[in-house]
Amino acid sequence: MHWMNTAVGYCGPFRYETQYCRRLRGYLEANLAWMEEQMGSGRDRAYWHQVRLALLQLQGLEDSYRGRVAVPAGRLSLSPFGFLLLQLGGDLEDLEAAFNRSAPLRPLGSGSCSALLKLMPGRRDLLVAHDTWAPYQSMLRLIKKYTLPFRAEPSGTARVPGSIQVFSSYPGTIFSGDDFYILSSGLVALETTIGNSNEARWQYLRPQGSVLEWLRNIVANRLARSGAEWAGIFQRFNSGTYNNQWMLVDYKAFSPERAALQQGLLTVLEQIPYFEEIFNASGNLELVQKYGDWFTYDKNPRAQIFRRNQTQVRDVDSMVRLMRSNNYLQDPLSQCRGCDPPHNAENAISARSDLNPANGTYPFAALRQRCHGGTDTKVTSFGMARTFGLVAASGPTWDDVPPFRWSASPCSHLLHMGHPDLWRFPPVKVRWD
């Protein structure tokens, strides 16, 4: 059902001959071939061993679906448009832009995720929270727990530090995609996304010498023992696709009510937008000059709402309320310059772009009516993370706005197999036996 809702027909049998599909297929095949060469080279054994294990897991999904049994020692036979397609996520959005797809997944300005780290008064706790922003067709969701006691190297005895992982995910995917991970290394890893808007930069994408983002974060999650080590592993073989700000919280470095915070508690890995040189090179300066503060990282409506409302967070429940908030009709920070009507449901912590009028006037595509918004919330704490626990809410927010209902929405024509009609679900506390 998830495949049908999100991927069916994408570069399918009748579309292989389009220029975009040919270029995408060629890139993915060349990238897989290069990675196989590295796996057989004997260099960087720990890194490429984890890449091979992840690709074998993906191969196993595809083999099972097709009813075949493969020999793991043989060459990979992954189809670029099979289960690999479900893993690409944000990588695919950038590859679409690079290879000039006529109808790209991500319109100008489209947001992708909200995140907040909040130190409680008296340093009694540290909360980590994340909202996914995504198309509503992707809302068949799972919280997954993997226990994969892999060895760090094929001939070694030491196990990977991140052998147990809990993460929000989707059917048929072997990583989060959102991304939100609680790891047995003591790390919690999460990210938010800012895309590249400078078309000239896509010329630097190469299938050789790069590992796509979804694989790099799998390897870093397994091998890293600290936030700094995670960042060092993740930056290797940077593909230039799916650029993020990653936040790595190391709960091993946190002691409740301790007078001073320990070194290494938080590591921030920035790709876009913080550094001025990168901000300008990725096209964001031109967008600020054309559209204003909406395209800045510190004066964007979400940034201002977080800055104003983060003081309301006193516990997990109030964190969930903030992360699910969307009061766009009353909140002055949700106003949109150049929009008619002036209030916009994109401008909130948890977007509800389906509520924007279809006949409105909007300066750029992300502010229009779209079947896109905040599709979940996840929150963990020092105490919950120790047992891989979290609080999670599924579906678009309905605290201050009407709940999303497929049959009454402008999205009813879209395929949504397996979905409930009405999305009105309270938060749940995830515990593991």
Pairs with Cβ under 7 Å, 6+ apart, first in the stretch 1-22 and open to solvent by 90 Å² or more (accessible area, probe 1.4 Å), second at pLDDT 85 or above and not in a loop (DSSP other than H, G, I, E, B):
Arg15/Cys21
What are the residues in the stretch 133-144 that are part of a loop (DSSP other than H, G, I, E, B) and over 11 Å from Ala393 (Cα atoms), if any?
Met139, Leu140
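Does Arg201 qualify as being in a helix (DSSP H, G or I), closer than 17 Å to Val160 by Cβ and charged (D, E, K, R)?
No; evaluated as a whole, the condition is false for this residue.
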Could you name every one of the helices (runs of 4 or more DSSP H) located completely within the stretch 205-290 that has at least 3 residues being out of contact with any Pro (no Cβ under 9 Å at 6 or more places or on another chain) and closer than 24 Å to Ile174 by Cβ?
213-223, 227-234
Note: among Ala103, Ala134, just one is in contact (Cβ under 8 Å) with a residue 40 or more places away in the chain and of a type in the set (Gly, Ala, Ser), namely Ala134
Looking at (1) open to solvent by less than 20 Å² (accessible area, probe 1.4 Å); (2) in contact with a Gly (Cβ under 9 Å, 6 or more places away or on another chain); (3) more than 30 Å from Thr377 (Cβ to Cβ), which is the only condition Val51 fails?
(2)
So how many residues does the stretch 341-371 have that are open to solvent by less than 20 Å² (accessible area, probe 1.4 Å) and assigned to a strand (DSSP E or B)?
1
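Quick check, is Ala393 within 28 Å of Leu190 (Cα to Cα), touching a Phe, Trp or Tyr at 6+ places or on another chain (Cβ under 6 Å), at pLDDT 95 or above and not aromatic (Phe, Trp, Tyr)?
Spelling it out, it is not the case that Ala393 is within 28 Å of Leu190 (Cα to Cα), touching a Phe, Trp or Tyr at 6+ places or on another chain (Cβ under 6 Å), at pLDDT 95 or above and not aromatic (Phe, Trp, Tyr).
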With Gln304, Gln330, Gln312 as the choices, which residue is touching a Leu at 6+ places or on another chain (Cβ under 7 Å), open to solvent by 20 Å² or more (accessible area, probe 1.4 Å), farther than 20 Å from Val288 by Cβ and of a type outside the set (A, V, I, L, M, F, W, C)?
Gln312
Residues of the stretch 314-326 satisfying the condition of being in contact with a Ser or Thr (Cβ under 7 Å, 6 or more places away or on another chain) and part of a loop (DSSP other than H, G, I, E, B)
Arg324, Ser325, Asn326
Return yes or no: is Val430 hydrophobic (A, V, I, L, M, F, W, C) and crowded, with 20+ Cβ neighbours inside 10 Å?
no
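Condition check ((1) part of a helix (DSSP H, G or I); (2) closer than 18 Å to Gly89 by Cβ; (3) touching a helix residue (DSSP H, G or I) at 6+ places or on another chain (Cβ under 6 Å)) across all residues:
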| position | (1), (2), (3) |
| --- | --- |
| Arg23 | yes, no, no |
| Asn31 | yes, yes, no |
| Trp34 | yes, no, no |
| His49 | yes, no, no |
| Gln57 | yes, yes, no |
| Glu62 | yes, yes, yes |
| Gly67 | no, no, no |
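The values are calculated or read from the model by the stated rules, or taken from the named source; none is laboratory data. Small disclaimer: the values here were computed from a predicted structure and weren't measured. Please note: Cβ atoms are built from the backbone with ideal geometry, for glycine as well, and neighbour counts cover all protein chains shown. Protein only, heavy atoms only, side chains kept; ligands, DNA and RNA dropped before computing areas. Shrake-Rupley method; radii C 1.70, N 1.55, O 1.52, S 1.80 Å.
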